[in-house]
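In what follows, a single structure is set out as structure tokens and then discussed.
The values are calculated or read from the model by the stated rules, or taken from the named source; none is laboratory data. No experiment lies behind these values; they were computed from the predicted model shown. Neighbour counts are summed over all protein chains in view; Cβ atoms, including those assigned to glycine, are modelled from backbone coordinates with ideal geometry. The protein model used for the area step is the full one, side chains on, heavy atoms only, and it has no ligands, DNA or RNA in it. Shrake-Rupley method; radii C 1.70, N 1.55, O 1.52, S 1.80 Å.
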Amino acid sequence: MCSIIGYRGGRKAVRVLINGLRNMEYRGYDSVGVATMDGAKIQVRKRVGRVDDVSKAMGLDELGGTSGVGHTRWATQGAPTDRNAHPHVSSGGRVAIVHNGTIENFAELRTSLESQGFSFKSETDSEVIANLLESELDGGDGVRGAVLRTIAKIRGHYTFAAIFNDGSMAATRRRESLIVGVGDGEYYVSSDVHGFVEYANDVIYVNDGDVVVIDDDGLGIYDGDGRRVTTELTKVSRELATIYKEDYAHHTLKEISEQPDVIGAAGADESAVSAVARSLRDAGTVYIVGSGTSYNAALAAKHLLLEYASIRAEAIVASEIPVHARSLERGGIMLAISQSGESADVLEAAGIARNAGIDVISIVNHPNSALARESTDVIRINCGPEIGVAATKSFLSQLVVLYKIVGELGGPGIDQEVISQAISGALESGPHVKEIARRLRDVNDVYVLGRGIHYAIALEAALKLKELTYIHAEAMPGGELKHGPLALLDEDTNVIIINPPGTTHDDALADAAKIRARGAHVIGIDTADSDAYDDWIPIPESDEAAHTIAEIVPIQLLAYYTALERDTNPDRPRNLAKSVTVR
Ligand code: F6R
């Protein structure tokens, strides 16, 4: 996913653009670029690197003009190079565009445009948009007509914004986000509100296929037939102020640390939780889908529904749903879990479900996301903006919602205060975890074991370690170790055992003994120390739900501190983007 920002108003555009890109850099950070209308000419500066570095190295602040577009890229089509960085300018220099998403038919469009004399400088799919817009500009109906004819020709998922050398700006979207910010005589277009939240409080969520035009007459939004649409202004939520890191070194640390406080708002709408619980109880079949961390929450949901509500559900990685499309049973329910509500794999899974006559219910953080808008019922996790690329507080908030749902179905009632205390207690392991992180600096492999629902937590632990530290980390159910993976263990291996009190506790200690007998190092996450552990990370005694929700916290910290030891940026792991809006 990339970030897009556009501005037209009275300020020095490049400053607004750079600030917006800095706030959205978590969305993609391979390269940075801006284009402004400086005099009668579009000026472009772009390069591989991070916003602040590129801005300094290329003197972006020197660009004049009060309108422009900017972009940070997460490379999909074409390597992360200077040439492939956005904005892309049309051959005749009349249009500059920034794009997020995929243009599926770019190759044929490129061939056709080349045969008409248009030239290309990059390997991206995006550049066809610039040349298509230029090729359509002389239709006599201005920028609006050019954009409408362009989107009629392109296929795929996209948002793009363009500036034209007549001083106007346009933007449109198809299955990617686009938000317009409305200030006093000034307008912003952006992939998300973080792009302009400091300047404008009123926003318009643009509908799929609508075209935004900003020119001397102000703002106009048009449907696919070119008719003006009426739009609603929404006040930007105050919670967005929390995107700033305050005194924390990284957003990831801030987001881990604020978990005791944010979980209180998860699933706060009790009637929504009850409605979803009823639908799950009455459904023929329940499919729970998600990607990455949200899939790990889906797997936890499967355990909870079975254990507490005797509901047999299938947890399926969202990108696998197309493979199962033919076997989905009409009348079932799909419970789709997604922090962003914009992951392409999850949206596709939801679309397939709806086509199969299956209602989609979602658990999301972003209430205006595509997934939320397309769902029959929605439960919000309400954890505020998650800026660190790796999911942390959203996972805990998802678990809280899931416990609330099963609470309605006969499961254990949860006490938010008890959960907050358990998380705060787990956070106290920070100094000890830092020491362990020092030892993990040079290791190559970490295994994480958990049984039952704690296997889902182990998967999440391994994912956090992979993402933040680039160490190979693998989760497995504790009992599986002896069926093969034991062959991998030697004195250089570290094994984390998630070992809650209860029926599996002794089995996990027996796993630990087998591991230590092979010379590997065991880190136990437990309420009590044991001789079976080389290192013990304590989790405070608590009830079952609070324990399960809190036990990922020390591993989040471990991943964070190990990232610092290994000199990687925990907020922006290489090759990743906050939400993956491509398939
Ligand atoms: C992991 C992570 C990703 C996301 C995944 C799904 O730390 O951030 O694995 O969990 O891309 O994203 P959402 O939940 O937005 O659908």
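Things worth noting here:
- The listed peptides 9-17, 511-519, 128-136, ordered by packing as a protection proxy, come out as 128-136, 9-17, 511-519 (highest mean of other Cβ atoms within 10 Å first).
- For region 424-574, the calculated P(r) over all alpha carbon pairs, in 5 Å bins from 0 to the bin holding the longest distance, is 2, 10, 22, 25, 22, 13, 5, 1 percent.
- Rounded to the nearest 10 degrees, the angle from helix 13-23 to the longest Cα principal axis of the chain is 10 degrees.
- Probe 1.4 Å, accessible area per residue of the chain, Å²: 38
- Considered as an equivalent ellipsoid built on the Cα gyration tensor, region 108-250 has semi-axes of 30, 19, 13 Å, the largest given first.
- Packing order of peptides 166-179, 298-311, highest average first: 166-179, 298-311 (average count of other Cβ atoms within 10 Å over each peptide's residues).
- Mean separation of Cα contacts under 8 Å (6+ apart) over length of the chain, as relative contact order %: 12
- Relative to the longest principal axis of the Cα atoms of the chain, helix 270-282 runs at roughly 70 degrees.
- Loop GluC sites (Glu not before Pro), region 410-493, which have at most 11 other Cβ atoms in a 10 Å radius of their Cβ (DSSP): E491
- Residue order for V346, V197 - accessible surface, 1.4 angstrom probe, largest first: V197, V346
- Taking only alpha carbon atoms, the chain gives an Rg to Rh ratio of 1.00, where Rh is the Kirkwood radius.
- Qualifying lysines (Cα of each under 22 Å from Cα of K121; at least 8 residues distant if same chain): K41, K46, K153
- Residue-averaged 222 nm ellipticity for the chain, from DSSP H runs of 4+ at -39500 (n - 2.57), nearest 500: -10500 deg cm²/dmol
- Mean separation of Cα contacts under 8 Å (6+ apart) over length of region 324-397, as relative contact order %: 28
- Which of S191, T230, A130, positive extreme of dipole for the chain (C-beta unit charges): A130
- In units of the rule-of-thumb radius 2.2 N^0.38 Å, region 4-140 shows an alpha carbon radius of gyration of 1.01.
- Rg and Dmax of region 248-414, Cα atoms only, in Å: 14.9, 49
- Helix axis angle, 505-517 relative to the chain longest principal axis, alpha carbon, degrees: 90
- Across region 424-574, C-alpha contacts under 8 Å between residues 6 or more apart give a mean separation that, scaled by the residue count, equals a relative contact order of 31 percent.
- Restricted to Cα atoms, region 488-583 shows a radius of gyration and a Dmax of 16.1, 48 angstrom.
- Relative to the current alpha-carbon distance between A268 and A249, full extension at 0.36 nm per residue lengthens the span by 3.8 nm.
- Quotient of C-alpha Rg and 2.2 N^0.38 Å, computed over region 3-241: 0.91
- Charge-dipole axis of the chain as Lys and Arg at +1 and Asp and Glu at -1 on Cβ define it, positive-most pick from A152, G264, G410: A152
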